[in-house]
């Protein structure tokens, strides 16, 4: 455990001195928190009488008891709520993608691998170093959003709808699982390429599923429900376990040292 | 401390290390000489359990490579070809990371000890990136020693350093050998090997020869003595060539270059012979071959 902590704190000491990475860790959550709050701010006021022309199929997407205008407002906000699910995928990519390839390029990997640290300990340290800031940033942003929503929501019905337990599950359960998925994918890419920029670009592919969900919801093709969040979390749990296993298996010290020039 | 038996490593069709068998004694400074691409780094990586041998076996500090890798990693120190420091971390933080990974007892004391020993204490708070090449190398040396390993692997420790920094590093290595540590020194700096090593292995994918620098010289070129005369001629050279212990004698200007097995025994007789023939002997000296001559000859032969 001490070695895992050492790797984790070492990663943070390095990462938080890198302005580009630091900027993306701070700026992304700020932007993603501000967007739904701005929507709420500009759509605040009495919305009870708005949207009388909303079709009944649309109303089924909202919790019962909301007026069509309130439903429209909740629907609009829910598009941006998905950004809180994108955050734990997006932020760790910056850290994890650089994690192994960065050590290759500074040639610090060989002395590190010569120490009595196991592959599992090394990857666990790097995993936690990338996942913890992402999860904390997401939770902090969501907390700030919750506070803002309390102040800006037009009434308790809308507030209850936008702070639905589904979103709490999405942020507090699916969020960390998404972060682990993102980190392990980025670590696998990072250990197999020789250029930090390529590692970051390839690792960004892990954002695709959440982006598809985001655009699918905008286009009305899918809509995040409690059942879907539970299902998504269960699938993520399995995929994460598989990726953790693969990340350790694919991290071949020998190939990393000898194939890289 | 380090024994290998037919240690071999292939990379596809390329045979990087071919049946290497060596035995490095405790406290010995063992030079591993070879040109670039000879397989020196591959050998070090096998012995420090960074890569696995294709075949053969090795025992380092009593632990078998491939079976007790963690034990080997715990008890050896490695200085890689490039310092490989964390540039954004300070010199002290760099050492803290490795002290924790090696689970060093009293890490703060060890870190201070080596930073002071290597004249880095005053600059301990500075990021590694801001240090000079020589300082980075010294910091990497400190990192290698934190856990007090008895076996050290040094891969080209002075290759990128200016002469002054290289001298400091060499002096430090000499100090380490005086502490009784076993040192496996990869280098292609022949002067360095000559000064530091008890024995030298010349290696080019396979072991060409192992011996002390002194014996390598005499084995390859024999021992030669130069007799400076006031006036030398061919009959004098022919006379010396006729002596039973003289292997060869050549005339160069007013000098006779005589090849002998034991100059200490036969020089007086040669001098007596020359004086008896009426020659004025001005000066007698041994012709010393540099290790470079030995090395180049071996590599050429291979």
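I'd like the full set of residues that are free of Cβ contacts under 8 Å to residues at least 40 places away in the same chain and either within 18 Å of the chain's Cα centre (by Cα) or not in a helix (DSSP H, G or I) (or both), limited to segment A:142-200.
A:143, A:146, A:163, A:168, A:172
Could you tell me how many of the residues in segment A:102-115 are closer than 23 Å to residue B:52 by Cβ and touching a residue at least 24 places away in the same chain (Cβ under 8 Å)?
Here the count works out to 4.
Could we say that residue A:32 is more than 14 Å from chain B (Cβ to nearest Cβ), at pLDDT 85 or above and crowded, with 22+ Cβ neighbours inside 10 Å here?
Yes, satisfied.
Among what's in segment A:1-28 and is more than 8 Å from every other protein chain (Cβ to nearest Cβ) and not in a helix (DSSP H, G or I), pick the residue that is nearest to the chain's Cα centre (by Cα).
Result: A:16.
Got a number for residues in segment B:242-268 being outside any strand (DSSP E or B) and more than 12 Å from residue B:225 (Cβ to Cβ)?
Number satisfying all stated conditions: 5.
Does residue A:123 satisfy the condition of being more than 14 Å from every other protein chain (Cβ to nearest Cβ), in a helix (DSSP H, G or I), within 21 Å of the chain's Cα centre (by Cα) and within 30 Å of residue B:152 (Cα to Cα)?
Yes: the conditions hold for residue A:123.
For residue A:80, which of the numbered conditions (1) over 24 Å from the mean Cα position of the chain (by Cα); (2) more than 14 Å from every other protein chain (Cβ to nearest Cβ) fails to hold?
(1)
Filter segment B:259-281 for residues that are within 16 Å of residue B:224 (Cα to Cα) and surrounded by fewer than 12 Cβ atoms within 10 Å (Cβ to Cβ) and give the result.
If the condition is that a residue be within 16 Å of residue B:224 (Cα to Cα) and surrounded by fewer than 12 Cβ atoms within 10 Å (Cβ to Cβ), then B:262, B:264, B:265, B:268 are the ones that fit.
Among (1) in contact (Cβ under 8 Å) with a residue 12 or more places away in the chain; (2) more than 20 Å from residue A:119 (Cα to Cα), there is one condition residue B:113 misses while meeting the rest; what is its number?
The single condition residue B:113 does not satisfy is (1).
I need a count of the residues in segment A:233-261 that are touching a residue at least 60 places away in the same chain (Cβ under 8 Å) and away from chain B (no Cβ under 14 Å).
Total satisfying the criteria: 10.
Quick check, is residue B:170 assigned to a helix (DSSP H, G or I), within 17 Å of the chain's Cα centre (by Cα) and more than 25 Å from residue A:114 (Cβ to Cβ)?
Details: assigned to a helix (DSSP H, G or I): yes; within 17 Å of the chain's Cα centre (by Cα): yes; more than 25 Å from residue A:114 (Cβ to Cβ): no.
Spelling it out, it is not the case that residue B:170 is assigned to a helix (DSSP H, G or I), within 17 Å of the chain's Cα centre (by Cα) and more than 25 Å from residue A:114 (Cβ to Cβ).
Can you tell me which residues in segment B:111-122 are in contact with a helix residue (DSSP H, G or I) (Cβ under 6 Å, 6 or more places away or on another chain) and either over 13 Å from residue B:140 (Cα atoms) or exposed (fewer than 14 other Cβ atoms within 10 Å of the Cβ) (or both)? Steps first, answer last, please.
First pass over segment B:111-122, keeping only residues in contact with a helix residue (DSSP H, G or I) (Cβ under 6 Å, 6 or more places away or on another chain): B:111, B:114-115, B:118, B:120-121.
Listed by number, the list holds a single entry, B:121.
Check residue B:212 against each of (1) modelled with pLDDT of 85 or more; (2) surrounded by 15 or more Cβ atoms within 10 Å (Cβ to Cβ); (3) out of contact with any helix residue (DSSP H, G or I) (no Cβ under 6 Å at 6 or more places or on another chain); (4) under 29 Å from residue B:178 (Cα atoms) and name the one condition it does not meet.
The number of the failed condition is (2).
Would you mind stating whether residue B:273 is outside any loop (DSSP other than H, G, I, E, B) and out of contact with any strand residue (DSSP E or B) (no Cβ under 9 Å at 6 or more places or on another chain)?
Considered against the rule, which asks whether it is outside any loop (DSSP other than H, G, I, E, B) and out of contact with any strand residue (DSSP E or B) (no Cβ under 9 Å at 6 or more places or on another chain), residue B:273 comes out as yes.
The values are calculated or read from the model by the stated rules, or taken from the named source; none is laboratory data. Model, not experiment: these values are computed from the prediction. In this analysis, Cβ positions are derived from the backbone assuming ideal geometry, glycine residues included, and neighbour counts consider all displayed protein chains.
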